[in-house]
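Q: Once you've had a glance at the structure underneath, I'll fire off some questions.
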Amino acid sequence: QTVGNDPGRVACAELSSWVNAMWLPAKCAAAGRGVWASRLCVLRRSGSNTAAFMPEAAGFGGVSGRAALQDFSLSDGDSFWAAAARHRLSWSRPFRTVRDCDLSRGRIKWFEDGELNVSVNCLDRHVHTCPERVALIWERDERGSEVRYTYRELLEMTCRVGNLLRRRGVKKGDCVTIYMPTCPLAVASMLACARIGAAHNVVFAGFSAEALAERIRDAQSSTVITVNQGVRGGKVTELKKTVDAAVQSCPTVQQVFVAMRTEKPVTMTARDVAMEEEMLKEDVVCEPAAMSSEDILFLLYTSGSTGKPKGLVHTQAGYLLYAALTHRYVFSYQDGDVFGCVADIGWITGHSYTVYGPLANGATTVLFESTPVYPDPGRYWDMVERLKINQFYGAPTAIRLLLRYGDQWVNKYDRSSLKTLGSVGEPINTEAWEWYHRVVGEGRCPVVDTWWQTETGGICIAPKPSEPDAEIVPGMAMRPFFGIKPVLMDAEGKVLTTNNTSGALCMAQPWPGMARTIHNDHQRFIETYFRPYPGYFFTGDGAYRSKEGYYQITGRLDDVINVSGHRIGTAEIEDVVNQCPAVAESAVIGYSHSIKGEAVYAFVVLKKDVNVPEAELSKELKSIVSEKIAKYASPDLIQFVKRLPKTRSGKIMRRVLRKVVESDLDSLGDLSTLDDPTAVQEIIQGHQELL
Ligand code: PRX
């Protein structure tokens, strides 16, 4: 490292010296176990303390540290990220090139000529230093029946799954679909894919057979991993049956591994493999594949404003580095902490902050299988007391729900272990923020409102890291993470340079955690994220920058809505509603909801000859959406209308619909371009009747 007078550089050099052990020449190669073993030998010989890789770095938390490091990460990103990648990750082949990015062409490559294995980084290196440290605490749906897995046990489980997948023909470059609840075997399956070089495609276990099938087909998976049944909130879901239905329309699927979450036997077909039985036959050592940094680690489908869900692609080293670094610094994670992220592994939050970030840092991470109100609204806080959780990371929708049940459900439990509280997925309103801070955190735990997306791989804007006594403003994500350079754009596509202003939120520089492409559709990737503001990554969100320069997310700028923190495109719902034989056309919008944040409102035009009562149709449409997509996408309100407000060229004027639903009739705006202005009056009247 070149160490000048710049404090940022000095801080990075300090990091460098602490972790240099990782980079000592591999003298243990003679041990005959190849490059992985030799790296691990180096780690052990150096006496370094498990996965910390650096102490709570002087510089990162210090007064001048954050600002200087932020400065350094932006002005000399190559040196910053190179230092971080060397310190934080174990490589089987060092990288020479740090980045090769061109945002205008959607080209993003980091550490491309380096090689590593993500599962080795998440498991083996911790096993060699502290094998009996707890890696996972599985907080099962049945309260009080948690199960702990050490790093050694998780590595063994991962190796068995890796060997099983290999023996059954899964190769480097294949994509395995995982349709499982949040449980240790799901984590081991993700890591096993990473170990043998296959990509994983985790599909949220609340998705319907059709939604699952669509994702399996797009990912071209030949292997699916599932469980016989899921258990959540005391209710059993027939996951294997859903997979059976899904694979009917997935010609690529050759095998389905079925693990047993409950005792209930399920019908097995010739395609199905009893997972645990087969795992028992496998060895607990599995040679990790050497992966290039830019090989695919996983696909994760998410909704866009148009078309089908897109399979965002994340790759190996950059993603892992970014997840690990943000996990440590945004939550002030310290070695030995118990990290409790309650997101499902089917979402990006589960990927980055239940699995990859914490495990890369050698943390004890909690796998939460239940719901915030099962068996009662004290569930989270009982868990915090029992598992001694230090950082709790959840969604505003759950906080809003719990605050309605009253403080007694929180106060019943000892929360003295808590150090940081996190919020993710949607805006957190001031009332929920204050309650989270004052009641849950007893006014002593910083609340970090973290803004990010499936596309960004990890947290991009959050109150921390910050100077030790820096203020945290309720409901504001506030500060960009190291290497993140947010900009706001005006309607003409110009960068807004002043503070106290709002605009479209873009990123001016690439960072290692960002998605690399959309599976099978790089053109859509470019069009969606890089075309709207050439040279910038467009997030799809709007944001406000305060006088002080802090960021606050104001919501989506496109036709994506956020229901209880789950993203869904209005076009996807319309597509399903329009398939109903009674429906001529529909328009779906989001409206503000006190618990869910946003809820789904559907305007539906029926075909002329339909005589079914509206209440019946409404029920049917809701259940069709649940069946075809997922429960959370189902409309809360359905209004049947004679016609939709359209322009003369036939475009639905959603702006007008939104204003009607918001009861903001004074801002309906210019209606002169409407094909038939009487449509609006009818809609206003119908809306009032519906309420
Ligand atoms: O609109 C933003 C909202 O969630 C979107 C990303 O959704 P998804 O890819 O499913 O990832 C969710 C978990 C990271 C964003 O475009 N969003 C996420 N975090 C926040 C947020 N809105 C406001 N405040 C946040 N902290």
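Q: P613 is checked against (1) away from the ligand (no atom under 14 Å from the Cβ); (2) within 18 Å of K310 (Cα to Cα) and fails just one. What number does that condition carry?
A: Among (1) away from the ligand (no atom under 14 Å from the Cβ); (2) within 18 Å of K310 (Cα to Cα), P613 violates only (2).
Q: Quick one: T364 ticks every box in (1) under 28 Å from F207 (Cα atoms); (2) more than 16 Å from the ligand (Cβ to nearest atom) except a single one, so which number is it?
A: Result: T364 passes all but (1).
Q: Suppose we filter the stretch 646-670 for residues that are within 18 Å of Q685 (Cβ to Cβ), touching a Lys or Arg at 6+ places or on another chain (Cβ under 9 Å), assigned to a loop (DSSP other than H, G, I, E, B) and not hydrophobic (A, V, I, L, M, F, W, C); how many remain?
A: Adding up the residues that qualify gives 1.
Q: Additional query: Hey, does the stretch 393-406 have a residue that's within 16 Å of the ligand (Cβ to nearest atom) and aromatic (F, W, Y)? Working first, answer last.
A: Of the residues in the stretch 393-406, the ones within 16 Å of the ligand (Cβ to nearest atom) are 393-400.
Next, from what is left, pick out any that are aromatic (F, W, Y): 393.
Yes - at least one qualifying residue is present in the stretch 393-406.
Q: Starting from the stretch 380-406, keep only residues that are without any contact (Cβ under 8 Å) to a residue 40 or more places away in the chain and closer than 23 Å to I348 by Cα, then list their pairs with residues that are among the hydrophobic types (A, V, I, L, M, F, W, C) and part of a strand (DSSP E or B) whose Cβ atoms are within a distance under 9 Å, requiring at least 6 positions of separation or different chains.
A: Correct list of pairs: Y380/F368; Y380/F392.
Q: Something else about it: Quick check, is D558 over 18 Å from I683 (Cβ atoms) and without any contact (Cβ under 8 Å) to a residue 40 or more places away in the chain?
A: Taking the combined requirement at face value, the residue does not satisfy it.
Table: residues versus (1) in a strand (DSSP E or B); (2) within 25 Å of K241 (Cα to Cα); (3) more than 18 Å from the chain's Cα centre (by Cα).
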{"position": "D141", "(1), (2), (3)": "no, yes, yes"}
{"position": "R148", "(1), (2), (3)": "yes, no, yes"}
{"position": "L155", "(1), (2), (3)": "no, no, yes"}
{"position": "V161", "(1), (2), (3)": "no, yes, yes"}
{"position": "L165", "(1), (2), (3)": "no, yes, yes"}
{"position": "T182", "(1), (2), (3)": "no, yes, no"}
{"position": "A192", "(1), (2), (3)": "no, yes, yes"}
{"position": "I216", "(1), (2), (3)": "no, yes, yes"}
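Q: Then there's this: Take A491 and tell me if it is more than 16 Å from the ligand (Cβ to nearest atom) and either surrounded by fewer than 23 Cβ atoms within 10 Å (Cβ to Cβ) or more than 17 Å from L74 (Cα to Cα) (or both).
A: yes
Q: Restricting to the stretch 83-103, count the residues that are within 25 Å of the chain's Cα centre (by Cα), in a helix (DSSP H, G or I), over 26 Å from R531 (Cα atoms) and hydrophobic (A, V, I, L, M, F, W, C).
A: 2
Q: Of all residues in the stretch 347-361, how many are crowded, with 24+ Cβ neighbours inside 10 Å and within 11 Å of the ligand (Cβ to nearest atom)?
A: Of the residues in the stretch 347-361, 6 are crowded, with 24+ Cβ neighbours inside 10 Å and within 11 Å of the ligand (Cβ to nearest atom).
Q: When you check I573 against the structure, is it surrounded by 20 or more Cβ atoms within 10 Å (Cβ to Cβ) and within 11 Å of the ligand (Cβ to nearest atom), yes or no?
A: Answer is no for this residue.
Q: Right, here's the next one. Of the residues D141, D78, only one is in contact with a Lys or Arg (Cβ under 8 Å, 6 or more places away or on another chain), of a type outside the set (A, V, I, L, M) and farther than 29 Å from M514 by Cβ; which?
A: On the way: D78 fails: farther than 29 Å from M514 by Cβ.
None of the others qualify; the one that does is D141.
Q: Can you tell me which condition P427 does not meet? The list is (1) assigned to a helix (DSSP H, G or I); (2) within 13 Å of the ligand (Cβ to nearest atom); (3) farther than 21 Å from M514 by Cα, and all the others hold.
A: Against the list (1) assigned to a helix (DSSP H, G or I); (2) within 13 Å of the ligand (Cβ to nearest atom); (3) farther than 21 Å from M514 by Cα, P427 comes up short only on (1).
A short reminder: the numbers here are calculations on the coordinates, not readings from a lab. None of these values were measured; they are calculated from a predicted model. For neighbour counting, all protein chains shown are included, and Cβ atoms are generated from backbone atoms with ideal geometry for every residue, glycine included.
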